[in-house]
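> So that we are looking at the same thing, I have put the structure below in structure tokens.
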Amino acid sequence: MIQEEWIQNIAEGDREAFRLFYQEAAGPVYSFILSLTKDPHEAEDLMQDTFLAVWDSASSYENQGKPLAWVFTIARHLCYMRFRQRKRETDLEGMEQEKREEGQVSLVLEQAADRRVLLDALDALREEDRQIVLLYAAAGLKHREVARAMNLPLATELSKYNRSMRKLQKILRNAEKDA
């Protein structure tokens with residue numbers, strides 16, 4: 001189990017604390033990132049970036065009893081940055097292709113728009129609720145595992161998950177109507 005004092009020790013440059021932290025967190029963090037990226041190579045790159053960010057920013061960690069949630073926040077932020085970068089690249093490529101194929105619908109742009117709607121819907125959730133949804137629905141963890149990772153009672157995790165899913169469904173239905 002991940003211990004908060006490891007992060008404090010990491011902030012002081014303790015490599016052994018970082019090694020222990022990495023051993024405990026690597027599996028769930030990789031699963032979380034893979035669930036967002038759907039690409040094992042990109043997930044490995046982002047996981048490395050995530051743990052480098054943990055090493056670099058451990059001193060800014062605020063003790064709230066949820067170090068893994070903090071790491072997931074870092075990982076999510078790095079993933080979203082990568083998505084935004086790719087979206088810009090995809091939009092430019094799609095526009096260039098549309099110029100060549102006038103009158104045809106660009107599948108690349110449609111997929112980018114769908115991804116944007118989903119990311120916007122997830123952003124509407126509170127941080128903790130978003131992490132619960134992503135760990136369960138995207139990373140494939142069981143509710144019991146999510147509750148343990150988030151340091152929540154199982155009943156609380158289930159309640160937050162169900163409430164968040166209802167909110168997401170409502171947001172996505174409204175986005176569908178507006179489209």
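> Restricting to segment 2-46, name every residue that is closer than 16 Å to Tyr80 by Cα and among the hydrophobic types (A, V, I, L, M, F, W, C).
Val29, Phe32, Ile33, Leu34, Leu36, Ala43, Leu46
> Report the residue count in segment 125-179 for those that are under 16 Å from Pro28 (Cβ atoms), of a type in the set (A, V, I, L, M) and in a helix (DSSP H, G or I).
10
> Another question about this same structure. Select from segment 144-158 the residues that are surrounded by 15 or more Cβ atoms within 10 Å (Cβ to Cβ) and at negative phi and list them in ascending order.
Within segment 144-158, Glu145, Val146, Ala147, Arg148, Ala149, Met150, Leu152, Glu157, Leu158 meet the criteria.
> Quick one: in segment 78-92, which of the residues that are of a type in the set (D, E, K, R) and surrounded by 14 or more Cβ atoms within 10 Å (Cβ to Cβ) is modelled with the highest pLDDT?
Among those residues, the one meeting the criterion is Arg82.
> Now, a different point. Filter segment 47-68 down to the residues that are charged (D, E, K, R) and assigned to a helix (DSSP H, G or I), then identify the one that is nearest to Lys87 (Cα to Cα).
Among those residues, the one meeting the criterion is Asp49.
> Any residue in segment 31-41 that is at pLDDT 90 or above and over 23 Å from Glu128 (Cα atoms)?
Checking segment 31-41: at least one residue is at pLDDT 90 or above and over 23 Å from Glu128 (Cα atoms).
> Pairs needed: first member in segment 160-171, without any contact (Cβ under 8 Å) to a residue 60 or more places away in the chain and among the hydrophobic types (A, V, I, L, M, F, W, C); second member anywhere, outside any helix (DSSP H, G or I) and surrounded by fewer than 16 Cβ atoms within 10 Å (Cβ to Cβ); C-beta distance under 6 Å; at least 6 residues apart or different chains.
Short answer, once both residue conditions are applied: Ile171/Ala124.
The values are calculated or read from the model by the stated rules, or taken from the named source; none is laboratory data. These figures come from a predicted structure and were not determined experimentally. Don't worry about glycine lacking a Cβ; one is built from the backbone with ideal geometry, like all the others, and counts go over all protein chains shown.
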